[in-house]
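Have a look at the structure below, then the notes.
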Amino acid sequence: MKRYLFVFAAVVLLVLAMALAIYPGLPAQVPVHWNAAGEVDGWGPRIEVLMHSVFLLGLGLLWPLLPKVSPKRFAVEGFEATWWFSGMAMVLLIGYIQCVHLWAAWQGGFAMDRAIVGGLGMFFVLAGNVMGKVRRNFWLGVRTPWTLANDRVWYATHRLAARTMVAGGALAVLVALAGWHGVLGIAGLVAGAIVPVVFSLVYYKRLEKSGTLET
């Protein structure tokens with residue numbers, strides 16, 4: 001937990017310093033949304049660039065509290081190291097998106113699609129590397145009705161998710177570095193997330209049909 005709090009504080013201070021340095025020089029209207037091609041398709045008041053910081057603070061403060069409200073059967077004590085590592089990965093992702101957004105609003109002409117796809121790809125790679133260690137809980141992982149209902153389905157699904165997330169994330173990073181169309185990277189990320197969800201349903205029904213399903 002101490003390492004998580006250190007990373008959280010460092011990211012908040014870094015983002016705050018960048019915001020304070022750049023914000024006064026931003027125009028009244030700044031880009032707030034980009035399409036898959038990296039083209040601006042939404043504008044808003046400059047205050048909106050700080051919304052990621054609000055989310056960052058909310059998540060950062062909430063993450064240590066979630067284990068305290070978990071039912072005992074779904075406690076995170078059995079995978080605490082993975083829990084805190086995942087929290088750090090999410091904090092880093094949100095901080096990265098905030099900094100990229102600030103820079104794009106300030107400088108313009110920034111390849112936002114590549115930056116976001118690459119950042120999400122790195123998050124998927126980091127999260128995927130520890131996904132197989134996540135035990136059944138309400139907050140982290142592939143939380144479908146079928147994984148939450150059965151330990152066997154949970155573990156099989158998360159072993160698969162570890163592979164699909166790393167593969168999808170690596171593809172997204174490659175797309176960002178190579179400058180290919182962002183849609184390809186997004187497709188890899190979506191597939192990496194959706195395939196385990198579908199698998200959890202199919203595997204649960206297979207066990208149910210065979211009569212080997214245990215809660």
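The fewest-to-most ranking of SER210, SER86, SER53 by surrounding Cβ atoms within 10 Å reads SER210, SER53, SER86. Taking amide H positions as modeled 1.01 Å from N, with prolines and chain starts lacking one, the residues under 5 Å from TRP34 and 5 or more places away or on another chain are ASP41. Rounded to the nearest 20 debye, the dipole size of region 93-215 about its Cα centre is 380 debye, using +1 on the Cβ of Lys and Arg and -1 on the Cβ of Asp and Glu. Counting only lysines at least 8 places from LYS2 when in the same chain, those with an alpha carbon closer than 26 Å to its own are LYS68, LYS72, LYS133.
Rounded to the nearest 500, the 222 nm mean residue ellipticity of the chain from helices alone is -23000 deg cm²/dmol, with -39,500 (n - 2.57) taken per DSSP H run of at least 4 residues. May I ask for the net charge around GLY211, where only other residues with Cβ less than 14 Å from the Cβ of GLY211 are counted and Lys, Arg are +1 while Asp, Glu are -1? With Lys, Arg at +1 and Asp, Glu at -1, the net is +2. Charges were assigned to the Cβ only: +1 to each Lys and Arg, -1 to each Asp and Glu. The resulting dipole of the chain about its Cα centre is roughly 860 debye.
Seen from every direction in turn and averaged, the convex hull around the alpha carbons of the chain projects onto 12.6 nm².
Along the axis of the charge dipole computed for region 2-210 (Cβ charges of +1 for Lys and Arg, -1 for Asp and Glu, origin at the Cα centre), the listed residues GLY95, ALA172, TYR4 are led at the positive end by TYR4.
Charge tally around TRP34: other residues with Cβ under 14 Å, Lys/Arg +1 each, Asp/Glu -1 each, net -3.
The phi torsions of region 183-198, fed into the Karplus equation with coefficients 6.51, -1.76 and 1.60 and a -60° offset, translate into couplings of 4, 5, x, 4, 4, x, 5, 4, 4, x, 8, 7, 3, x, 5, 5 Hz, rounded to whole numbers, with Gly and Pro shown as x.
Summary: within the chain, the longest segment free of GluC sites (Glu not before Pro) located in DSSP loops with at most 11 other C-beta atoms within 10 Å is 40-213.
For region 1-66, the Kirkwood estimate of the hydrodynamic radius, built from every pair of different alpha carbons, is 13.7 Å.
FYI, it's all coordinate maths here, none of it is from the lab. Keep in mind the model is a prediction, meaning the values are calculated, not measured. Don't worry about glycine lacking a Cβ; one is built from the backbone with ideal geometry, like all the others, and counts go over all protein chains shown.
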